[in-house]
Every structure is written in structure tokens, then in C-alpha cells.
Amino acid sequence: MKIDRRTFLQGAAASAVLSSLSGLTPGIANAKEPGANTGLLAKREGEIKYHTCQRNCADRCLLKFTVQNGRMTYVEGASEMKKMGTSPCVKGHAYVQYTYAADRILHPMERAGKKGEGKWRRISWDEAYAKIASRLQQIIKDHGADSILPYSYSGHEGVIGKYGGPSRFFNAIGARKLDRKVCVFAAYEGLKSVTGTYQGPDPYDNIYTNCYISWGQNETATNVHGIKFINQARDKGAKLLVVNPIRTPIASQADIWLQPRPSTDTHLASGIMKYLIEHDLADLEFIKANTLGYEQLLIRLNEMSYEEIERVTGVPTAKMFEFAKVYGESELSVLRLGYGMQRNFNGARMSRAIAMMHAVAGQYGKIGNGFIYDNTQADDSLNYSKGRADHIHPNPDTVGHVNMTEIAKALDPENPIAYGKPIKPIKAVINYNGNFVSVAPDSNACRRGAMRDDLFLVVHDFLMTDTAELADIIVPSTTQFEFPDMGTDYNCYHMQTSEKVIEPLGESKDNWIFFKELGAHMGLDRFPEMRVDYEQILRDFLDTEEPAFRHNNITYEQIIRDKFVTVYDQRPYFGDGKYKTDSGKIEFYSEMMKEAGFHPVIDFGLPEDEMLPEEKNLPFRLLSPAIPQRANSAFYNVKYIRNFPAYFAKINTEDAAELGINNNDRVRLNNQRGEAFFIAQVSTQVVRGTVMAPKNNWRRMDPQGKASCTNNLTTDTLTDMGGCSAYHSTRVALTKA
Ligand SMILES: Nc1nc2c(c(=O)[nH]1)N[C@H]1C(S)=C(S)[C@@H](COP(=O)(O)OP(=O)(O)OC[C@H]3O[C@@H](n4cnc5c(=O)[nH]c(N)nc54)[C@H](O)[C@@H]3O)O[C@H]1N2
Ligand SMILES: Nc1nc2c(c(=O)[nH]1)N[C@H]1C(S)=C(S)[C@@H](COP(=O)(O)OP(=O)(O)OC[C@H]3O[C@@H](n4cnc5c(=O)[nH]c(N)nc54)[C@H](O)[C@@H]3O)O[C@H]1N2
Ligand code: SF4
Ligand SMILES: [Mo]
């Protein structure tokens, strides 16, 4: 769909922000803007505000903003925090443009044509509240509150922005529950089956390792600041090993890089285990003291040959041995598992095998070793039920759930389904912190659902996203910089402040004020929890007895004063040899896996085993990972960032030659779900038989105007365990377009 830029701007932007768009030096505001004082700008003088980046990013940067005359003018890293340094990433540098972008939506709008037609009428907040409240109340009366579905994920990751504010509203009305499992949950299950947890050591301690393994992670895009610790370890002689089907920048720098075919990691980890055991590099003392089921593991590994492993993974056995030798001979090795790799039908099983491999090597329990996946301890320790006011939920037992990955199925015009079972039709979706039409799988089906005439779609966002353009009512959200919050780090164990940097632009309202005021229009201000201020919500979350907070005596006042605190309670992680499984040991044999219907030791199933024939027989696997210059679907509107392409497909040189595709040719990817057109980037970066296209590109920003979006192609089938998304278990055909 083409955007009529003029109409869009008329409806969307106030003239005050128009002047600040475009072509600016990243990180600094336009000196010609009204209110900007060139002298002051040059000196970067002004009030300093500390604010945590709330994009979904493992770095969770603590940023320092300069504010001059009420305007955000400069951004840099809060270098007093060790993980940071002075520089945010390319996206963080663009936050001034992101905030003052000309296409920000700054007042409520109501659809003035057919759904998706792009015609809007400006309305006041009073009208917006009246219309939304009356329609929701009618839906509750006619169909029940469980036909109202919130859709949101990580647009804003703050304590209030993500949960505290909006959840109070949805609890108070008794809306249907959204299972927010798109991201991490397959490996949660896989790792729990081995050590009982998905938590691990603090990455600050990576500097002490002798061998860093990046397994299916793309640190250069998704953990930029974490690379500093790896480099410090390497300066002292540590090895860098990488396992990734794509030659990421960190793979190019590795001592050894293995390039398996996607989803064959169980085989690869098994091959490495075999080598360690056969070459006296398994840590038998560690295994004896800390594990269960080693005998069964030996039997299972004997059933798999090196020849079969090479056939399945495509990794030459000699190269795998080289890797295993360096790994096995390292005194301390830390393994970082990516989130991307577990978004596969066999995601839990692959993660399990890799965690078992690390136990065979004896690499748990010391400073400088361990297994890092998702260090959400700060987050997990918060008092969620109090912070979200779960107790005001009027009908907790009757409300069903929808898995966010299956949003298209839940909104299906004919047969709405959740978890494989029919559900009654969803009559309203309130989308905030989310953009399901471009981020959820099977975008065409998402769109069909959103376009239903009988579905009331409200979008709370500050941009005309792929989802917003299909809305009945759009209400303008602030950006994260326009309200106070706190942020929890999911990599290093920090909790950080997010001071309000500037006043809300235009008529925008943040994720608490919007839901609080909407609630009041629906009579929900009868609940005291719906009348509180930001500080009270944060205090409710921090009212926790969890050890991570208790040990460190962390208080609200302390976070506000010190800007950041550290909340972990174990160093070295698993140093006490107590694992979190039922047995208290690392489990090579797992009842949990058996109960889930898989082999209790190692399950060698592959995604292709589960695909429909029409998909299974397509020639290419599609990987759709993160790229450095976008954060999910954010920054697509920022002009400076748009210079970095996001509509490309990386294709292996030999595959391209066979198909007559050259660099920069237009290509078409397609399968039974749809098609997408991208620009070919031909190289040996991707393994043969695999195509890579970035995740979460917007249909409406597609420079070729073909509504291309990688998620036009992706599967919404869930992972083996944990109900996670499995975007990477998608197959496509590829042709020159
Ligand atoms: N193909 C493919 N698709 C994927 C993935 C993949 O690997 N491949 N990864 C998946 C994963 S892991 C994730 S986590 C999801 C992420 O998907 P999302 O969490 O939905 O990601 P975002 O694009 O960051 O955020 C969505 C919207 O939130 C809005 N927003 C930002 N701040 C605020 C605010 O303060 N208030 C409100 N109301 N809105 C705000 C933004 O403008 C944006 O439109 O994508 C998934 N999609
Ligand atoms: N710049 C930027 N940073 C981000 C995001 C973003 O969009 N942009 N998104 C954020 C979010 S929501 C998340 S969840 C994280 C994700 O963080 P990561 O896990 O680092 O990112 P992904 O790009 O999803 O996937 C990582 C790698 O998995 C590899 N991979 C895919 N399948 C397999 C496999 O079967 N085996 C192996 N070994 N590797 C495989 C891909 O080649 C890719 O390089 O990043 C966060 N940070
Ligand atoms: S997106 Fe990540 S690396 Fe960039 S500023 Fe935000 S937290 Fe830092
Ligand atoms: Mo994610």
C-alpha cells in the first residue's frame, strides 16, 4: 500500500515537530529548531536526565539525555555504569529524531472510511474515551469481557510501560488473557530440563573466561555492549568460538566458526559431547558430583554416528573436532545461547542438548564459566501480582487465553481458535506496545483478522504502523521519554531508572495515563488501584521479598538516587552445586522431557519432520533474525535509520548461481502463506539452502510498494515446548522477480 504522505502528515503531525525532521546528525537535535540555542547545543549544556532504553534489547543501556528549554537535544551513554561506555548503538543515537519525528501521531483519530483505507478524522480525547468506553461496555454486555483481547509485547519494556499501567486496566475489566510467549519460552523449558533454570552468570564475569562460545546469537546486533567483555577476555588470551548458520560479524572474528544447517544443533552438540568423552575431555569429577543419568547419556550418544552428524549438520567432522578440542581443553568456558536459535519447532530440545554438552565439559559453577540465556532475575523478582493488581480481576476462572503467536488464528473470520480449540469470536483488540500485523507470524492472516468488520480495533501507538492503519480508533501514545518508569536488565543483573526526560508531545498520553483515564470513563476508578500515580505502581512492584532484592536491600529511593542497582544473589552462579531441578542435579535423563513426549535423554527430531508436505518440499529454509539498525519494528520511520536497508534477502553464492540471481536483483520469496519481494545480497554469509531476511519490517514502508514483510511467510505453529514462536522453522521458494 502506498502512503499518501501529505494526507498522512495532515492528520498526524503538528507543525512544531515538522521542522525537526530529517538529515540530522544522529544524537543531536537540529540547531535551527525553534527553542534551540546553538551555543548551548555546542556546549551540550542543560539539564541531564537518566533514562533506560526501553527497546527489547539485552543491552538495556542507561542513557543520559541533555534537555535544553524543555527539548531533548543530546544523548550519550551513562558511562559511570560499567557495561555502558559513552555510546549507545546506532538506534540509541537516533533517539532525538525518533522522539521528534514528523510522522508522530499527536492526537486521537477515528477511521473516516473503510478499514485500512487510510482516511482519518481528528477527534478529541473526550470523544475518543466516550467512543472506546461505550463500545467496550456494549461488547462486555453482549459477548462478555473475555471477547476483549489486549495485544502487546515489548514496544516499551518498562515496569509501568509494559505491565504496571495497562495490566491494571485489563484485570479490572476481566479481559481475555494474552500469553506473551513469542520470544524466549522454548529454551526456558529445554534449559529447565537440564539445570532447572534459564538463569546464569552475570556477563560482567565474562572477562574471566578462557573460552567464550556464541551459540546462535548475533551479539553484534543484539548485544553490542556485551562484546566489550568478550574483547577483554580475548585480550587475556581467551578463545572465541561461534556456532551460527549465518556468518555474523562475530563469526568472522572467531577462532573457530561452525556453520551448521539451521535447527541441527542437537546433532552438533551430541557430536561435541562424543568427542569430549572419547578424548578424556569430559569432566568426570564434575559429572559424578553434579549430574544424573550419565550412563544413559553414553548409551544414547553411541546410537548416533559422526557420519550421521556430518550428514545432518553439514559441518565437516574434522572441523567439529577442532572446535571440541579447544572447548574441551579450556579451563573456563562461558556459553551464550541466542534467543533466535530456539524459535524452531525443536527449540527446547536443541537448547537442552547444548546445556547438557556444557555439563559434560564441567562448565558450571565457577566465575568465568556457565551458561547464559535470559538473566531476568531483576524482572522475575518483582511483585507482579501486586504491581499489576491481579486481585481486582473480576472473573479469573472463566477467562480463556490466547497465545500471541497465534493471534491470526484467534482472529480468524470463520474459525477462531486458541491452542487448537475453537473459541468464541474476539470482538475487540486493544493493541499497545505491539504491532501484530508486522511482528506476528503469518502477516496476511493477521491482516485478514484485523480487517474484520465486527472487530473493534483500538491502537495506542505514536506511529502509523501496519496495525494502526487498520484501526477503528488510534490514540496517540507518548514515547518512553515522556513519562517516568524503571527498567529491568535481562542480561546483566541491573534495575535502572527511567526519568521523565520531556513533557508529552502534542496530545499524547503514556501507557498509564491512557489506561487510567479510559478506566475512569468505564467506572473503574472505583478500584483504588486504578487511581494511583507512577510512583505507587513502582513501589507496588518493588514490594517484594525475593532474595535478589532482599539480599541487596534494594529500595525505591535507592534506585531513584543511584540511577542503577545490581540485584543478583549468586556469584558464582551454581557455585553451591545446587541445581534447580527436582533432583537438585543436572539431569542428563529427564522425566520432564519424557512426559512431554520426547526422548528423555536426547531427542534428534528436526523441524522438517513436522511440516506440511507443501511446505516441507520447498527448497529453502527462511531465517528472519534481528538486524543492527532496527529494534523489532521500531525505527522504521526514522530517516537516518532508513538509510540502512531492511528489505533484503541474503542468499548463498552457489544457490544464487543455480537460480541465475545476482547481487541487487529483486527476488520473490513465497510459500502457501504469501509472498515478499526483497533485494538479493549474494554471499557465502548464509549456509546453502538457507535464505535470511530481516524480522519485523513494515509492510507499509516497503520501498518497492509491494506490502512486503518477512512475516508474510512465517509459520505460526508453536515450538515443541513452552508455546514459543518458531519463525525460523519456515520454508520458502525463491525466484528472481
Ligand atoms: N520473522 C520474525 N518475526 C519476529 C521475530 C523473529 O525472530 N522473526 N522475533 C519476535 C520477537 S522475539 C519479538 S520479542 C517480537 C517483538 O515485537 P514487538 O514487541 O511488538 O516489537 P516492537 O516493534 O518493538 O514494538 C511494537 C510497537 O510498540 C510501540 N511503542 C513503543 N513505545 C511505546 C509506548 O510507550 N507505548 C505504546 N503504546 N506503544 C509503544 C512501537 O511504536 C511499535 O509500533 O517480534 C517477533 N517477530
Ligand atoms: N538490533 C536489534 N537488537 C535486538 C532486536 C532487534 O530487532 N534488533 N530484537 C531483540 C529481541 S526481541 C530479541 S528476542 C533478541 C534476539 O537476539 P538474538 O538471539 O541474538 O537474535 P536473532 O537475530 O533472533 O537470532 C540469533 C541468531 O540465531 C541464528 N539461528 C537461527 N536459527 C538457528 C539455529 O537453528 N541454530 C543456530 N546455531 N543458530 C540459529 C541466526 O542466524 C541469528 O544470527 O534481540 C533483541 N535485540
Ligand atoms: S537498542 Fe540496545 S544497544 Fe541500542 S541504545 Fe537501546 S539498549 Fe542500547
Ligand atoms: Mo524477542
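What follows is calculated from the coordinates using simple rules that are stated; it is not laboratory data. For clarity, every value in this text was computed on a predicted model and none was experimentally measured. Every residue, glycine among them, receives a Cβ derived from its backbone with ideal geometry; neighbour counts consider all protein chains shown.
Within segment 608-736, antiparallel bridges make up roughly 65 percent of the DSSP beta bridges whose residues both belong there. Net length available on complete extension from Asp255 to Phe644 is 137.2 nm, with 0.36 nm assigned per residue and the Cα-Cα distance removed.
Put the Cα centre of segment 164-192 next to the Cα centre of segment 62-125 and the gap is 26 Å.
To the nearest 0.05, what FRET efficiency results for Leu612 and Arg448 with a Förster distance of 25 Å applied to their C-beta separation? The formula returns an efficiency of 0.80 here.
Applying both filters, DSSP loop and at most 10 other Cβ atoms within 10 Å, to the trypsin sites (Lys or Arg not before Pro) of segment 266-373 eliminates every site.
Hey, with R₀ at 51 Å, roughly what FRET efficiency would Val67 and Lys141 work out to, going by the Cβ-Cβ distance, to 0.05?
In this case the efficiency is close to 0.65.
The smallest convex shape that holds all Cα atoms of segment 359-484, its convex hull, gives 219 Å³ per residue.
For the chain, the dipole from Cβ point charges (+1 on Lys and Arg, -1 on Asp and Glu) about the Cα centre works out to 2080 debye, to the nearest 20. With the simple model of a label 7 Å out from the Cα in the direction of the Cβ, Lys288 to Lys228 spans 4.3 nm.
Which value results for Rg/Rh of segment 489-633 when Rg is the Cα radius of gyration and Rh the Kirkwood radius based on the inverse mean 1/r? All intermediate terms of the calculation are to be shown ahead of the outcome.
Numbers: Rg = 23.8 Å, Rh = 21.6 Å.
Reported Rg/Rh, Kirkwood definition of Rh: 1.10.
The alpha-carbon positions of segment 608-736 define a convex hull whose volume is 110 Å³ per residue. Taking label points 7 Å from Cα along the Cα-to-Cβ direction, Lys421 and His599 give a separation of 3.3 nm.
In the chain, which longest range has no GluC sites (Glu not before Pro) that are both DSSP loop (not H, G, I, E or B) and surrounded by at most 10 other Cβ atoms within 10 Å?
Working: sites that count: Glu414, Glu545.
It runs 1-413.
If the segment from Gln296 to Thr653 were pulled out straight at 0.36 nm per residue, it would be longer than the present Cα-Cα gap by 124.3 nm. Placing unit charges on each Cβ (+1 for Lys and Arg, -1 for Asp and Glu) gives the chain a dipole about its Cα centre, and among Ser87, His728, Val224 the Cα reaching farthest toward its positive end belongs to Ser87.
Past the 24 Å Cα-Cα mark, which pairs from Lys427/Lys616; Lys427/Lys500; Lys49/Lys91? Display every interim value, and only then the final one.
On the way: Lys427/Lys616 35 Å; Lys427/Lys500 35 Å; Lys49/Lys91 18 Å.
Long pairs (Cα-Cα over 24 Å): Lys427/Lys616; Lys427/Lys500.
Binning all Cα-Cα separations of the chain at 10 Å, short to long from zero, yields these whole-percent fractions: 3, 14, 24, 27, 20, 9, 2, 0. Within the straight-line cut-off of under 27 Å between alpha carbons, the lysines reachable from Lys580 are Lys181, Lys192, Lys274, Lys288, Lys366, Lys386, Lys594, sequence neighbours fewer than 8 places apart in one chain being disregarded.
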